[in-house]
Amino acid sequence: MGFLQLNVLNQVEALPPVGIDLGTTNSLVAIWENGRPTVVHPEGDNGYVPSCVYFPSDGPPIVGKEARERAVFDPEHALFSVKRFMGRGLADVANDLKGVPFRAQSGKNGVIEFDVRGRKLTPQEVSALVLEKCGEVAALASGGRALQKAVITVPAYFDDAQRQATRDAARLAGIEVLRIVNEPTAASLAYGLDQKKQGNVAVYDLGGGTFDVSILAIEDGVFRVLSTNGDTHLGGDDFDRCLVSVALTELSHSVDPRKLDEPAFLQALRLAAEKCKIELSTYPEAEMHIQIPDSNGQWRRRFTRDEFESLTKPLIDRTLDCCRRALSDAGLEVAKIDEVVLVGGVTRMPAVRMAVQQLFGRVPHTKLNPDEVVALGAAVQAHVLSGGTRDVLLMDVTPLSLGLETVGGAVAKVILRNATIPCQATEGFTTYVDNQTAIDFNVLQGERELASDCRSLGKFRLSGIPPMPAGLARVAVRFHIDANGLLTVTAKEQSTGISSRIEVQPQNGLTDADVQRMLASAYEHAKDDFAARRATELVTEIGTMLRATEKGLAEAKSQLDRETILDIEDAMKNAREACSTRDAQALQRSRDAFEKATLPLAAVLMDNFAKKALTGKVIGDM
Amino acid sequence: MTACPNCRQETTTPLVCTACGVLLSPDGALSPFEVFGVEPAFELDHAALKRRLLELSRRMHPDYFATAGAEQRERAEGNTAELNRAHEVLANDQSRADWLVRSLGGPDELQERAMPQAFLLEVLEWNETLDAARSAPAGSRPLEQLAALRAELAARRTQALELLRGSLVPLPPRGSPRLVEARRELNALRYVERTLAEIRALELGQPAARA
């Protein structure tokens with residue numbers, strides 16, 4: 001792909017549906033082209049979009065590679081790793097917040113809100129900015145074609161709230177989501193098509209912020225997930241944190257703890273840790289170094305791979321436990337696994353590869369690029385969904401059991417984890433008090449026995465039940481999980497046939513009205529952003545005009561009448577004042593007035609120039 | 001079996017016409033056996049069941065209707081959900097047996113709560129080992145004893161499945177006392193499965209899931 005199709009830039013032509021890996025650290029777009037999936041990237045760029053947004057003092061937010069660079073020097077105005085906050089409440093992410101230089105608070109419906117330069121943003125809105133950037137990159141790579149439809153991947157172990165949040169982010173970015181696909185499943189598609197192999201495959205996916213393992217049976221083009229397990233709060237970030245915490249402990253002996261708590265320092269420390277981690281995958285030893293706050297000295301510390309591995313062993317052990325559970329749920333012995341596929345940048349760590357190899361008793365498959373395989377698989381699925389082929393079929397599962405809270409705080413499971421999706425189940429309920437006209441339902445997701453230990457996806461009330469003795473009402477609650485892994489719950493009182501309504505209060509999620517409001521506000525912001533950008537341009541332009549006018553006056557003041565000079569000086573003063581307001585409209589007015597006032601000066605200067613030229617003094621300049 | 005409204009061929013499942021590929025609209029509650037087009041029976045060819053699941057999925061999975069109209073998309077989604085549900089019931093020996101006992105008018109687990117007599121004595125013994133493991137801190141669980149108990153329970157599960165087969169093959173007539181026997185074995189099996197899940201949880205440090 002390149003700039004060959006640039007001539008169509010003015011027509012908004014749509015790209016065929018693409019696959020997007022919306023990652024914790026990086027996001028990537030891939031597309032089906034010439035019979036295979038390929039990463040979408042402009043000439044001379046790998047197409048990776050760091051999932052990072054930087055908010056400059058004026059102008060629109062900056063997303064991607066430039067944002068990541070700006071974040072190094074000004075971390076307080078950058079947001080990253082927001083995937084960890086999608087669909088979560090403040091209480092869920094206390095630990096994550098410790099490791100990032102930005103702060104969050106709880107907004108409406110318990111949705112997290114970041115506050116940057118007085119602008120409040122939910123994780124959904126920040127992810128939408130990243131998705132929009134993905135669209136820009138794709139447009140750049142494809143001669144201006146618009147990204148309109150996409151398959152977006154999520155960690156397999158994402159629950160309903162996290163999936164909803166991802167879908168809302170796409171809606172905010174103006175992208176139609178054809179399907180939400182699980183990352184390890186997408187990876188298996190890319191693997192299966194590339195290697196043309198059959199059998200039982202385990203996909204071990206250790207990404208920037210999340211861990212998934214899925215066990216699949218691949219047979220005649222059908223990719224059937226048998227089980228999945230994981231941890232949505234375990235990834236490369238946690239490995240970095242092991243090094244960060246060593247640094248903080250050692251520095252705390254000599255440095256003021258308040259200095260160590262500063263966002264800029266913590267961000268620098270994170271980056272130093274990440275660099276050290278990556279080096280340790282290649283070399284047996286690496287040095288981590290960082291400028292000590294308020295000092296000329298540097299903190300330097302050598303880590304051996306052995307030391308790093310013992311620091312991170314508990315993390316790797318957690319992933320292995322997930323693998324054992326997935327195997328157990330799939331009903332397969334380790335010996336029945338024909339291949340292990342590694343996905344995610346962290347699987348480049350020798351210790352991870354060794355641990356996986358030991359557990360599964362075979363050398364893992366590492367031929368595919370672990371950073372790109374998910375996006376490539378999503379592109380395959382996008383091709384299937386646009387009617388491109390019937391040779392491939394993906395049968396995925398729901399990662400967590402779903403149920404309802406019963407009297408006494410227990411959970412009645414309605415759909416069990418690892419059920420193939422789409423799936424549905426109906427459970428019967430009744431009233432337990434005479435003349436009860438409403439029943440409250442609490443929809444729960446998780447494996448624990450007690451409602452308080454599971455995640456509440458939302459509560460709803462079935463009202464309008466006609467008064468009758470306890471136990472006579474027959475309420476059927478139907479759970480349906482669609483092919484995206486998204487849940488809808490409907491309830492109906494059957495004994496009377498009277499239809500009743502359901503009101504679902506989303507927990508840590510956006511309502512449709514929220515999404516509409518955000519879309520409208522994004523439009524307002526876009527207008528503000530445009531105005532801010534125009535203001536910056538005008539300030540620059542006025543600056544150039546001021547310098548030129550001063551030079552011109554010095555040269556030709558004597559040739560102008562007094563009134564003209566006063567007009568020009570007046571206009572200059574106004575223009576300078578307008579520059580300090582940064583009001584685009586005021587700037588535009590004073591720029592135009594300035595230009596008008598300097599017309600006589602420009603005429604004199606042009607005249608002088610022409611005369612000089614004619615007398616041959618500046619021929620060389622012509 | 002009924003005829004396909006589109007091509008008039010006889011259908012083999014109420015979900016999709018395997019002759020012309022048109023999605024059907026089933027009405028009412030479907031028997032999982034009916035969905036797969038097989039006669040109700042406890043004995044089942046698991047390999048054939050899987051082949052049929054893949055064959056039917058290939059015909060009606062929502063992935064293949066993504067570009068169709070909303071009505072077709074929803075029907076593909078709903079019918080595939082029915083198919084997956086039916087497969088879930090049939091693929092598992094206990095849920096298949098449970099469905100058969102209910103459909104033949106046998107007692108459900110609330111109407112018949114008893115377990116076989118011999119089984120109860122074993123339960124008391126198992127509970128002692130379990131209690132010890134439950135109260136041990138996570139790091140020092142008696143893993144060897146748990147493994148031994150797991151093996152014992154697995155053997156008991158095989159035995160219970162044999163007894164269940166004895167009660168359900170050939171399929172008893174409606175209201176037969178063999179349905180009560182089957183329910184009791186199912187209760188025992190449920191206990192075994194739950195205990196196995198708990199052992200697995202204790203071994204792997206995972207919160208127990210209700211089987």
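What number of residues within the range A:314-332 are away from every other protein chain (no Cβ under 13 Å) and open to solvent by 40 Å² or more (accessible area, probe 1.4 Å)?
0
Please find, within the range A:532-544, the residue that is farthest from A:Ala597 (Cα to Cα) out of those that are crowded, with 16+ Cβ neighbours inside 10 Å and touching a helix residue (DSSP H, G or I) at 6+ places or on another chain (Cβ under 6 Å).
Of everything passing the filter in the range A:532-544, A:Ala535 is farthest from A:Ala597 (Cα to Cα).
Scan the range B:106-128 for residues that are in a helix (DSSP H, G or I) and open to solvent by 40 Å² or more (accessible area, probe 1.4 Å) and report the count. Can you show your working first?
Filtering the range B:106-128 down to residues in a helix (DSSP H, G or I) leaves B:117-128.
Now narrow it down to the ones that are open to solvent by 40 Å² or more (accessible area, probe 1.4 Å): B:117-118, B:120-122, B:124-125, B:127-128.
The qualifying residues number 9.
Exactly one condition in (1) surrounded by 18 or more Cβ atoms within 10 Å (Cβ to Cβ); (2) under 28 Å from A:Asn229 (Cα atoms); (3) out of contact with any Ser or Thr (no Cβ under 9 Å at 6 or more places or on another chain) is not met by B:Leu146; state its number.
(3)
Can you find even one residue in the range B:171-192 that is modelled with pLDDT under 85, in a helix (DSSP H, G or I) and open to solvent by less than 50 Å² (accessible area, probe 1.4 Å)? Walk me through it before giving the result.
First, the residues of the range B:171-192 that are modelled with pLDDT under 85: none.
Within the range B:171-192 (the criterion being modelled with pLDDT under 85, in a helix (DSSP H, G or I) and open to solvent by less than 50 Å² (accessible area, probe 1.4 Å)), the answer is no, since none of the residues qualifies.
Do we have any residue at all in the range A:372-384 that's assigned to a loop (DSSP other than H, G, I, E, B) and within 14 Å of chain B (Cβ to nearest Cβ)?
Looking through the range A:372-384, none of the residues is assigned to a loop (DSSP other than H, G, I, E, B) and within 14 Å of chain B (Cβ to nearest Cβ).
Just to be sure I understand, how many residues within the range A:66-84 are in a helix (DSSP H, G or I) and more than 10 Å from the chain's Cα centre (by Cα)? Spell out the reasoning first.
Within the range A:66-84, the first condition is being in a helix (DSSP H, G or I), and the residues that meet it are A:66-73, A:75-77, A:82-84.
Next, only the ones that are more than 10 Å from the chain's Cα centre (by Cα) stay: A:66-73, A:75-77.
Residues flagged as in a helix (DSSP H, G or I) and more than 10 Å from the chain's Cα centre (by Cα) within the range A:66-84 amount to 11.
Could you check A:Lys336 against (1) surrounded by 16 or more Cβ atoms within 10 Å (Cβ to Cβ); (2) touching a strand residue (DSSP E or B) at 6+ places or on another chain (Cβ under 6 Å); (3) under 25 Å from B:Ser57 (Cα atoms) and say which number it fails?
Only one criterion in (1) surrounded by 16 or more Cβ atoms within 10 Å (Cβ to Cβ); (2) touching a strand residue (DSSP E or B) at 6+ places or on another chain (Cβ under 6 Å); (3) under 25 Å from B:Ser57 (Cα atoms) is unmet by A:Lys336, namely (1).
In the range A:219-229, how many residues are open to solvent by 10 Å² or more (accessible area, probe 1.4 Å) and either touching a Gly at 6+ places or on another chain (Cβ under 6 Å) or of a type outside the set (A, V, I, L, M, F, W, C) (or both)?
The first filter runs over the range A:219-229 and keeps only residues open to solvent by 10 Å² or more (accessible area, probe 1.4 Å), leaving A:219-221, A:224, A:226.
Then keep just the ones that are either touching a Gly at 6+ places or on another chain (Cβ under 6 Å) or of a type outside the set (A, V, I, L, M, F, W, C) (or both); that gives A:219-221, A:224.
Residues in the range A:219-229 being open to solvent by 10 Å² or more (accessible area, probe 1.4 Å) and either touching a Gly at 6+ places or on another chain (Cβ under 6 Å) or of a type outside the set (A, V, I, L, M, F, W, C) (or both): 4 in total.
How about the range A:298-313: which of its residues are of a type outside the set (A, V, I, L, M) and open to solvent by 40 Å² or more (accessible area, probe 1.4 Å)?
The answer is A:Gln298, A:Arg300, A:Arg301, A:Arg302, A:Thr304, A:Arg305, A:Asp306, A:Glu307, A:Glu309, A:Ser310, A:Lys313.
For the range A:420-454, which positions are among the β-branched types (Val, Ile, Thr), farther than 22 Å from A:Pro399 by Cβ and open to solvent by 20 Å² or more (accessible area, probe 1.4 Å)? Let's see the steps before the verdict.
Quick first cut of the range A:420-454, residues among the β-branched types (Val, Ile, Thr) only: A:420-421, A:426, A:430-431, A:433, A:437, A:439, A:443.
Then drop every residue that is not farther than 22 Å from A:Pro399 by Cβ, which leaves A:430-431, A:433, A:437, A:439.
Scanning the range A:420-454 gives A:Thr430, A:Val433, A:Thr437.
Limited to the range A:481-497, what total is found for residues that are outside any loop (DSSP other than H, G, I, E, B) and open to solvent by less than 20 Å² (accessible area, probe 1.4 Å)?
So the first thing to find is which residues in the range A:481-497 are outside any loop (DSSP other than H, G, I, E, B), and the list is A:481, A:487-493.
Subsequent filtering for residues that are open to solvent by less than 20 Å² (accessible area, probe 1.4 Å) retains A:481, A:491, A:493.
Summing the residues that are outside any loop (DSSP other than H, G, I, E, B) and open to solvent by less than 20 Å² (accessible area, probe 1.4 Å) in the range A:481-497 gives 3.
Among the residues of the range B:8-60, write down those that are more than 22 Å from the chain's Cα centre (by Cα) and within 15 Å of B:His87 (Cβ to Cβ).
B:Val16, B:Arg58, B:Arg59, B:Met60
Just checking, how many residues over the range A:558-604 are among the hydrophobic types (A, V, I, L, M, F, W, C) and within 45 Å of the chain's Cα centre (by Cα)?
Of the range A:558-604, the ones among the hydrophobic types (A, V, I, L, M, F, W, C) are A:560, A:565-566, A:568, A:571-572, A:575, A:578-579, A:584, A:586-587, A:593-594, A:597, A:599, A:601-604.
From the residues that got through so far, the ones that are within 45 Å of the chain's Cα centre (by Cα) too are A:575, A:578-579, A:584, A:586-587.
Going through the range A:558-604 one residue at a time, the tally reaches 6.
Do you know which residues across the range A:406-438 are part of a strand (DSSP E or B), more than 30 Å from A:Lys196 (Cα to Cα), of a type outside the set (Val, Ile, Thr) and at pLDDT 90 or above? Walk me through it before giving the result.
First, the residues of the range A:406-438 that are part of a strand (DSSP E or B): A:410-415, A:420, A:423-429, A:438.
Checking the rest, the ones that are also more than 30 Å from A:Lys196 (Cα to Cα) come to A:410-415, A:424-429, A:438.
Right, trim to of a type outside the set (Val, Ile, Thr) and you get A:410, A:412-413, A:424-425, A:427-429, A:438.
Matches in the range A:406-438: A:Gln424, A:Ala425.
The values are calculated or read from the model by the stated rules, or taken from the named source; none is laboratory data. The shown structure was predicted, so the numbers you read here are calculated from the model rather than taken from an experiment. Note: ideal-geometry Cβ built from the backbone for every residue, glycine included; neighbour counts use all protein chains shown. Surface accessibility is based on the protein's heavy atoms, side chains included, excluding ligands, DNA and RNA. Shrake-Rupley method; radii C 1.70, N 1.55, O 1.52, S 1.80 Å.
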